[in-house]
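Some notes on the structure that comes next.
None of the figures in this text is laboratory data; all of them are computed from the coordinates on show. Not measured: the values here are computed from a predicted model. Because the Cβ atoms are built from the backbone with ideal geometry, glycine has one as well, and the counts that use them run over all protein chains shown.
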Amino acid sequence: MYSEKVMDHFMNPRNLGELENADGVGEVGNPTCGDLMKIFIKVENDKIIDIKFQTFGCGAAIATSSMVTELAKGKSLDEALEITRDDVATNLEGLPPLKMHCSNLASDALRAAIEDYRKRH
């Protein structure tokens, strides 16, 4: 059902945790499935220098959160805003159709963190 890459990011999530004094925080959820994602970013010279996530949800939600942090780290804010749900799913070598909403949440949480940063600065 899941690719090896999804399983790897679920079993060994990258960038898991919370960033103290984050420059931006984005939180999104899906009331239908109960998934909740929070992304924390540290920004320097308009680039994401550090990023962490906390996710309450299924394995796909954890894997997509992990992947979106990997895709965004080191990118400029504008580059990170271009990361789509399809980018997340493609880099995970696919998601089952019923789990595609997880990649939406991951990219939405990243966008929310960037918007929060821009409001603060």
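Table for the structure above
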read-out	value
Selection count, segment 57-95, where residues are of a type in the set (D, E, K, R) and assigned to a helix (DSSP H, G or I)	6
Residues located in segment 2-45, provided they are at positive phi and not polar (S, T, N, Q)	G17, G34
Test set (1) without any contact (Cβ under 8 Å) to a residue 24 or more places away in the chain; (2) of a type outside the set (G, A, S); (3) touching a strand residue (DSSP E or B) at 6+ places or on another chain (Cβ under 7 Å) - K119 fails condition number	(3)
Among residues of segment 10-28, those that are over 16 Å from V43 (Cβ atoms), of a type outside the set (D, E, K, R) and in a loop (DSSP other than H, G, I, E, B), counted	3
Residues of segment 33-56 classified as touching a residue at least 12 places away in the same chain (Cβ under 8 Å) and in a loop (DSSP other than H, G, I, E, B), total	4
Single residue of segment 35-46 satisfying the filter (surrounded by fewer than 19 Cβ atoms within 10 Å (Cβ to Cβ) and under 16 Å from the mean Cα position of the chain (by Cα)) that is nearest to P96 (Cα to Cα)	L36
Qualifying residue in segment 81-90 (condition: over 24 Å from C33 (Cα atoms) and out of contact with any helix residue (DSSP H, G or I) (no Cβ under 8 Å at 6 or more places or on another chain))	yes
Scope segment 68-108; condition hydrophobic (A, V, I, L, M, F, W, C) and either touching a Pro at 6+ places or on another chain (Cβ under 6 Å) or closer than 21 Å to E44 by Cα (or both); matching residues	V68, L71, A72, L77, A80, L81, I83
Of all residues in segment 1-32 being among the small types (G, A, S) and surrounded by 11 or more Cβ atoms within 10 Å (Cβ to Cβ), the one that is farthest from the chain's Cα centre (by Cα)	S3
